[in-house]
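K.L.:
This is the structure, below, for whatever I ask next.
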Amino acid sequence: DNSIVHVLIHQWPHMIAATLYLAFFLWNNKELALGHVENHSMSIHWMMLWYFAAYRLLFPNWISLHLFQLGHTSRHIGLLIALVILAIISIHKYTLIHSFVLADNRHYTFILYRRIILAMDGYGKFLLLPIYIIGMYALWFDLSTDRYIAFLFLILGLVPVKLLEPRYFVPPFMICHFLSLSNSWRKQEHSR
């Protein structure tokens, strides 16, 4: 099939990285971390994708800001509805709180959890819903041509991590930023 060949040709660097990651995972007794494995066990933490999308908004790709024009978002109402539904499910079912976050009151994720996510009898976690939606919407369009492979690697790299720690966002952020710039350059080349 041509689409599989196309993916293999254009995504080989990502596949090498994924293969090396898988090899490390298997070599490390199917654990993500070295050292204190009991504190870094795998989980299903879908909110990490939403936290990452919000994190990306702190460092916007200025090329993509045109996506937020009103006319453009109205054409993608189905995507927005799907994002809202997925975000609500993720917030309700998959907001996991690692014991490290609540143990260290000097940590800024402690403040985020205490003041927003755990506020108002647990409903505070829904306050960030608009930020999650905007972040995921921007991510979806920034990664236009590479979005499926990029989201696959985001899921594999972020969802198993229970501890909300922004340093875990740096490698995916850099990869998404480079893919976003690459897509912008491709669009500019096609428009000439």
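K.L.:
Condition test on P130, is it closer than 12 Å to W50 by Cα, in a helix (DSSP H, G or I), without any contact (Cβ under 8 Å) to a residue 60 or more places away in the chain and open to solvent by 60 Å² or more (accessible area, probe 1.4 Å)?
P.N.:
In short, yes.
K.L.:
Where in the stretch 2-92 are there helices (runs of 4 or more DSSP H), lying wholly inside it, with at least 2 residues that are within 20 Å of Y113 (Cβ to Cβ) and modelled with pLDDT of 80 or more?
P.N.:
Of the helices (runs of 4 or more DSSP H) lying wholly inside the stretch 2-92, those with at least 2 residues that are within 20 Å of Y113 (Cβ to Cβ) and modelled with pLDDT of 80 or more span 47-56.
K.L.:
Checking F153 against (1) assigned to a loop (DSSP other than H, G, I, E, B); (2) open to solvent by 20 Å² or more (accessible area, probe 1.4 Å); (3) not hydroxyl-bearing (S, T, Y), which test does it fail?
P.N.:
F153 satisfies all of (1) assigned to a loop (DSSP other than H, G, I, E, B); (2) open to solvent by 20 Å² or more (accessible area, probe 1.4 Å); (3) not hydroxyl-bearing (S, T, Y) except (1).
The values are calculated or read from the model by the stated rules, or taken from the named source; none is laboratory data. The model shown is predicted, which means the values in this text are computed figures rather than measured ones. Positions of Cβ are generated from backbone atoms using ideal geometry, with glycine treated the same way; all protein chains shown enter the neighbour counts. Just so you know, the surface numbers come from the protein's heavy atoms only, side chains and all, with ligands and any DNA or RNA stripped out. Shrake-Rupley method; radii C 1.70, N 1.55, O 1.52, S 1.80 Å.
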